[in-house]
Amino acid sequence: MQAALRRRTMEALAGIAAATIGAGSGELLAALFAPSASPFAVVGGALIDVAPAWAKDTAIAWFGTADKVALLVGIAIVLLALAAGAGMAEARWARSGVIALIVVGVAVGIVALTRADAGLLAWIPSMLAGAVAATALRMLVSSAPFDDATLDRATRDGATLGGATHDVPVESTASGAPTGPTRRRFLAWAGGTALVGVAMAVAGALTKAGSAAVSSVRDAIRLPRPVAPAPAVPAGATLDVPGLSPLITPNRDFYRIDTALIVPTVDPGEWRLRIHGMVADEVTLTWDELLALPLTERAVTLSCVSNPVGGDLVGNAVWLGYPIRELLARAVPDVDADMVLSTSADGFTAGTPLEALTDDRDALLAIGMNGEPLPLAHGFPVRMVVPGLYGYVSATKWVTDLEVTRFDRARAYWTDRGWSERGPIKLQSRIDVPRAGRTIEAGESVIAGVAWQPGTGVSAVEVQIDDGPWERAEMASALSADTWVQWRLPWRAEPGDHRIRCRAIAADSTVQTDAIAPPAPDGASGWHTITATVS
Ligand SMILES: Nc1nc2c(c(=O)[nH]1)N[C@H]1C(S)=C(S)[C@@H](COP(=O)(O)O)O[C@H]1N2
Ligand SMILES: [Mo]
């Protein structure tokens, strides 16, 4: 009798441990990639939506502002009860509990897709939770002799051992409850499984809590007005061509490249920048001190060295910040220093030529992007933006440290991995319209795109259709030498397939090279070439 109860308890524990590790993995995955797809948040949100008004009122009356916590605790209790049942079922009918857990995961995954804020992949955390729980349950149940065959054998062979003490070295008692070492091993596995699940859930909660807290700090920030604002965008700087990249890339469309699996959450109140190394005077700067400085606004096109010809790892934004030149002037670099090694809160490093930070190009210690505080993923609260250099050697996000040093003394994250020490952005042009591979209608049409070489500027773009002559495109007026420029060329499209390619001419008259180079080690080159199908 007692043994039967013990057996039931162990089966239930297997189910509970399995559900815990499943739920923990789902929560962690969601916290990392899609907080709104958290299985608990999905179920809770759906329940809140379908609950009748009286239920909501009662919940608030009973639990007050803790109503959401109460709801989540309620969901957890129901889940664990279901899981205990799944454990007992699995011990009797192999796969039944496993299937039940998978069904729960699939069901929550489907609900996840119906939520208002759901992304296309919102089902993944719940499905993962179900799959992990099912796997864990199968493993736990088979680690202990719950199955009927063992039970029968135990009943036959060990009838006299019923209710035996813990150290009896047999696998099962008369009623099928594992005892002795088997039982202890099972309990250790189940306990460990549950603990891992709890740890993952806690890690997920901490990640989410961190970014939620910093997000709300960010939302409350009012950026100071620049002392030197970027000039207003003149009408002639934008061409009206559907499908052409906008002159200023909206923050939500701005490409994101970094090594951070979890977006670092840096509280501005705790942020410090330290400038040290080969300097006469160390400088430290706080967030409040930075905000009090006379800020500059600059439109600058940023590109990733990994951007292939024709690729979209490039964007143009209006950055608000303080010239790094002024801060370095306070620190007074040694005459033989030639590099600044910047380090981010998450340990990324970039090595920037000292000259690029001290000449008149207005390399910025930026706090604003297109009129907003930097988005968390783009370096909140403070990053570097250096016109003319690829991001990997200059655009350190979440920056906290500048060490003045020398190229022959220090190496940075990507230069350590085979990329070039110096990373000036190469002259490039891209065809946005027509979209590569898309069929267009014959007749009056347009070819359009953008061209850039921040720091130098672009003066012209030429387009070649099939084997025709290179034709000069119409250029929008450039915002500055640091931003990309839109261009377009009217085109009478004749039916058939056409090869279209473009090349830029820089303000210093350099013509964009046709020499094809891959992104590694210092940036791609070649002419962007597309095939347009005209019907
Ligand atoms: N902390 C940190 N900063 C970083 C990186 C990184 O991995 N970590 N990547 C750099 C690279 S390679 C590029 S191209 C730019 C991209 O900036 P964005 O994500 O704001 O577009 O950030 C740079 N700054
Ligand atoms: Mo990059």
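For Gly449, the conditions (1) modelled with pLDDT of 95 or more; (2) surrounded by fewer than 24 Cβ atoms within 10 Å (Cβ to Cβ) are fulfilled apart from (2).
Could you list, in sequence order, the residues of segment 4-44 that are farther than 13 Å from Ala122 by Cα, out of contact with any helix residue (DSSP H, G or I) (no Cβ under 7 Å at 6 or more places or on another chain) and surrounded by fewer than 20 Cβ atoms within 10 Å (Cβ to Cβ)? Across segment 4-44, the qualifying residues are Ala4, Leu5, Arg6, Thr9. Which of the following residues is under 25 Å from Glu297 (Cβ atoms) and away from ligand 2 (no atom under 16 Å from the Cβ): Pro242, Pro229? Criteria check complete, one pass: Pro229. Only one entry of Thr238, Thr343 meets the criterion of being in the same structural domain as Ala366 (by TED's automatic domain parsing) and either within 16 Å of ligand 1 (Cβ to nearest atom) or at pLDDT 95 or above (or both), and that entry is Thr343.
Can you name every residue in segment 400-427 that is in contact with a Phe, Trp or Tyr (Cβ under 9 Å, 6 or more places away or on another chain) and away from ligand 2 (no atom under 14 Å from the Cβ)? Passing the criteria: Thr400, Glu421, Arg422, Leu427. Among the strands (runs of 3 or more DSSP E) confined to segment 450-526, the ones with at least 3 residues that are in contact (Cβ under 8 Å) with a residue 24 or more places away in the chain are located at 458-465, 485-493, 496-506.
So which residues in segment 348-365 are closer than 25 Å to Glu270 by Cβ, crowded, with 21+ Cβ neighbours inside 10 Å and either away from ligand 2 (no atom under 16 Å from the Cβ) or under 17 Å from the mean Cα position of the chain (by Cα) (or both), if there are any at all?
To start, the set of residues in segment 348-365 that are closer than 25 Å to Glu270 by Cβ comprises 348-350, 352, 357, 363-365.
Narrowing the set further to residues that are crowded, with 21+ Cβ neighbours inside 10 Å leaves 350, 352, 357, 363-365.
Scanning segment 348-365 gives Leu357, Ala363, Leu364, Leu365.
Among the residues making up segment 265-311, those that are in a strand (DSSP E or B), farther than 20 Å from Ser216 by Cα, away from ligand 2 (no atom under 16 Å from the Cβ) and in contact (Cβ under 8 Å) with a residue 24 or more places away in the chain are Leu273, Arg274, Ile275, His276, Gly277, Val279, Val283, Leu285, Thr296, Glu297, Arg298, Ala299.
The values are calculated or read from the model by the stated rules, or taken from the named source; none is laboratory data. Not measured: the values here are computed from a predicted model. Methodologically, a virtual Cβ is constructed for each residue, glycine included, from the backbone with ideal geometry; neighbour enumeration extends over all protein chains shown.
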